[in-house]
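Worksheet: the structure to be examined is printed underneath.
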Amino acid sequence: MGYTEQDAMAELADMDMADEAAEAHYREMFGDEVTANELNAYAMWLYPGLQAAEALNKSAPRAAICGALAGMPNYMIDSERDEHLELPGVSMLEAITPPLGDPAWGSYGRPKTLFHHLHRMEGNDRKGRPVDLIETGYYPSEPDAVGKVMKTHKLTRTGILYAHIHGYASKDDVARYWRHDAQGLDVPATNHHYLALVGQEPPPDDSIYQYETAGSAVWGLLDFLKREDLTVPERYRQVSGSRLSKALQHVYANEPAEAMKLLAREDQERLCADVLIHSRVDNVKVREDLVDGLMKKDVTYAQRVHKLVEAHQSAHPNSPSDQVIGEMICRAVWTVIRRVMDFRMADGYENEWGHTVDLEVEPLTRQRLDKALAKIEALKWELSEEAAEERAADDYAELQGEVMRGS
C-alpha cells in the first residue's frame, strides 16, 4: 500500500505527542517562566549556580537571609533607594528577615545580630572556599576610593539557587532572577516585612477582631503559619467542618485554651517554644525540656495557656501577658482556619489531576538538569527533519523488500 495519508496523519500525531511530552517535561523541570526558545540559554546560566549552591552546607540563618533578599526589589538592600526609611545595610536586613521565634532560624533561634552572617555570605570562607551568596556594592564604586560607603547587598545567582534548594524560592522565582540578571528586568518586592515598611500593605494580622497586641511582625509562629506553602493545610486535611466552626467560635469568644485544641501537636510545640523565646528562655536544651513538660498528656489546655502566661509575665512584669498570649493563640488558630478554608475552596480539587498538595515538587539539581537536557535533546531529534528522512528511508526499504518478496 505504501505510505498513505493516514500514515502521514499518524506520524504528525506522534510528533505532536512527543512535542507535548517535551513541553511537559521541561515545564516540570524549569517551571512556567522559561519558554522553549530560552531553554538552552537558561540551562547554561543555571548549571554553574546549582553546582556552587549544592556545594554549600545547609545553614538556617543563611537560608533565611537568602529567602528574605529573594523578596526584595531587584533582590537587594539598597540604602540609597530606601534612604527615607533610615534603615541602612544590616538594619534593613534585621527588619526584613523572619522575626524572633520563627522556625526558619533553626534550633538555635535568630542570631542576636546578622552582621557577621552577612559578611560571611560574600566572597570566600575561612578555608578559601567560595560562598558568594551575596555581593556588596559601594559608593563610590572604585574599590580603593577614599570615604567609600556600603550601598547595596544583593543576592547572587548562587544565592537565589541556595534559597530554592532550601525551600525559600520556587522554580519560577529562579527564572525571574535569571531574567533580571540576563535581561535587566526590574523585579518588584514580595517580602511582606519590606512592603509593610514602605506602606504598600498593613502589617499582617495586626488588627484581627480589633486585637491590640502585636501580631506576626513579632511572633515567629504567626509569620510561619502565614507563608505561601502547602504544609499548613496538609496537616489539617482531615479536620472536620464542625471542628473548624467550633474553633472559630472560641476565637471570636476570646477563649484561647479551647481554640488551641484545633492546632496540630507540632504547631502547639512551636507556639510554646515561641512564647518561651519571648520569655527570655535562651538555652535551647532548657527550652526543649520545658516544651516537653507543657505537652505532657496530664497537662490540660487551660493549664498550658496559664503556664505560658506566667512565663511571659515573669520576663515582662509590666506587660498584659494574659492578653498578649491569648491573642497570639487565637491569631494562630484563625490563620490555620483561613488557610484550610482557602485550601478546600481551591478550584479543581477533585479533577483527574488531583489537588496541588498531592503533587511532589522536587528542587532543581545538577543530576536532574543533565537528565532533562538529555531527554529534551532526544525528543528534539525525534522531531527533526533528519529523523523524518531516516524513517522515510526505512519505510521505503521495507516496502522494496516486500515487493521483492512478492515477485
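The values are calculated or read from the model by the stated rules, or taken from the named source; none is laboratory data. Note that the structure is a prediction, hence the values are computed from the model and not measured. Positions of Cβ are backbone-derived with ideal geometry, glycine not excepted, and every protein chain shown enters the neighbour counts.
Which members of the stretch 67-87 meet the condition of being touching a residue at least 24 places away in the same chain (Cβ under 8 Å) and either farther than 25 Å from residue 181 by Cβ or part of a loop (DSSP other than H, G, I, E, B) (or both)?
Answer for the stretch 67-87, where residues must be touching a residue at least 24 places away in the same chain (Cβ under 8 Å) and either farther than 25 Å from residue 181 by Cβ or part of a loop (DSSP other than H, G, I, E, B) (or both): 70, 71, 72, 79, 80, 82, 85, 87.
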*May I ask you to verify whether residue 104 is of a type outside the set (Ser, Thr, Tyr) and surrounded by fewer than 18 Cβ atoms within 10 Å (Cβ to Cβ)?*
no
_Tell me whether the stretch 328-346 contains one or more residues that are in a loop (DSSP other than H, G, I, E, B), within 30 Å of residue 45 (Cα to Cα), modelled with pLDDT of 65 or more and among the small types (Gly, Ala, Ser)._
no
*Might you let me know whether the stretch 115-123 holds any residue that is small (Gly, Ala, Ser), surrounded by fewer than 20 Cβ atoms within 10 Å (Cβ to Cβ) and either out of contact with any helix residue (DSSP H, G or I) (no Cβ under 9 Å at 6 or more places or on another chain) or in a strand (DSSP E or B) (or both)?*
yes
*Whichever residue in the stretch 87-143 is among the polar types (S, T, N, Q) and touching a His at 6+ places or on another chain (Cβ under 9 Å) and, among such residues, is nearest to residue 271 (Cα to Cα)*: 97
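Per-residue answers, yes or no, for (1) at pLDDT below 85; (2) under 23 Å from the mean Cα position of the chain (by Cα); (3) within 18 Å of residue 295 (Cα to Cα); (4) not assigned by TED's automatic domain parsing to the domain that holds residue 99:
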{"position": "233", "(1), (2), (3), (4)": "yes, yes, no, yes"}
{"position": "239", "(1), (2), (3), (4)": "no, no, no, yes"}
{"position": "247", "(1), (2), (3), (4)": "no, no, no, yes"}
{"position": "253", "(1), (2), (3), (4)": "yes, no, no, yes"}
{"position": "257", "(1), (2), (3), (4)": "no, no, yes, yes"}
{"position": "269", "(1), (2), (3), (4)": "no, yes, yes, yes"}
{"position": "278", "(1), (2), (3), (4)": "no, no, no, yes"}
*How many residues does the stretch 205-231 contain that are within 18 Å of the chain's Cα centre (by Cα) and at pLDDT below 75?*
4
*Picking from 87, 93, which residue would you name as being in the same structural domain as residue 170 (by TED's automatic domain parsing) and within 20 Å of residue 163 (Cα to Cα)?*
93
